[in-house]
1. Report, in deg cm²/dmol and to the nearest 500, the calculated mean residue ellipticity at 222 nm for the chain, where each DSSP H run with n ≥ 4 adds -39500 (n - 2.57) and the sum is divided by the residue count.
2. List the residue ranges in the chain for DSSP H helices whose C-alpha atoms run 20 angstrom or more along the long axis and whose Kyte-Doolittle average is 0.0 or above.
3. Quick one: putting +1 on the C-beta of Lys and Arg, -1 on the C-beta of Asp and Glu, what dipole do you get for region 77-141 around its Cα centre, in Debye to the nearest 20?
4. For a Förster distance of 45 Å, can you work out the FRET efficiency between the beta-carbons of Ile15 and Gln136, rounded to the nearest 0.05?
5. Using the alpha carbon gyration tensor of region 1-92, what are the three equivalent-ellipsoid semi-axes (square root of 5 times each eigenvalue), largest first, in whole Å?
6. Roughly how many percent of the accessible protein surface of region 37-172 is carbon and sulfur, given a 1.4 Å probe and a whole-percent answer?
7. Sorted from largest down, what three extents in whole angstroms do the Cα atoms of region 94-136 have along their principal axes?
8. Estimate the FRET efficiency between Thr144 and Ile72 by the formula 1/(1 + (r/R0)^6), using the beta-carbon distance for r and 35 Å for R0, to the nearest 0.05.
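The values are calculated or read from the model by the stated rules, or taken from the named source; none is laboratory data. Worth saying up front: this structure is predicted, and the values here are computed from it rather than measured. Here the Cβ positions follow ideal geometry from the backbone for every residue, glycine too, while neighbour counts run over all protein chains shown. Note: accessible area is taken over every heavy atom of the protein model, side chains too, but ligands, DNA and RNA are not part of it. Shrake-Rupley method; radii C 1.70, N 1.55, O 1.52, S 1.80 Å.
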Amino acid sequence: MLWVWILIGVVLVLIAWLVGAYNSLVGARNRVDNAWGQVDVQLKRRYDLIPNLVETVKGYASHEKETFERVIQARNAAQAAEGPAAQAEAENFLTGALRQLFALAEAYPELRATENFQQLQAELAETENRIAVSRQIYNDTVLTYNNRVQQVPTNFVAGMFNFDAREFFDAGEGAEEAPAVEF
């Protein structure tokens, strides 16, 4: 009879551990989704600022149509990207296009002096900082989640309930190089 109680106790402990491991994986997965949502909010804020910035610069440098089109194409591609890897690649392209736009603005001192341009540039810089922080938080959260999914013993629970590792929001290839600015 004692063995039956011991066996019941072991089964109950195993079930409690299984429930705890499952719940910790669900919590970690939800934190990853929340962190990605925060990155997405900041990216959308960035996308909303870009048309205003382009329109402001257009008023001073209307003959630089190719640069404006490149920025808008990059913005549209970034908005359409899905998943951290595609998003990172599109964001790197957009950052390069924005650098070209700001380099263009350097050639127009009267544009740089306008309050509207300065305000938009400051808001975009603030948004870039927010994106960097959100991206770091997302990657840290993914690291924690992926560790739980891949480490013993929770990897058994993760495998049973289809918890898959998540992608990091990494800078794409060539992101460490400054883009060429040509006019």
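1. Theoretical 222 nm ellipticity from helices: -27500 deg cm²/dmol.
2. Result, helices passing both filters: 2-58, 84-106.
3. Charge dipole of region 77-141: 80 debye, to the nearest 20.
4. With a Förster radius of 45 Å, E is 0.75.
5. On the way: eigenvalues 642, 23, 6 Å².
So the three semi-axes of region 1-92 are 57, 11, 5 Å.
6. It is 50 percent, rounded to a whole number.
7. Principal axes ranked by extent give 36, 21, 9 Å for the Cα atoms.
8. Details: r = 37 Å, r/R0 = 1.06.
The value I calculate is 0.40.
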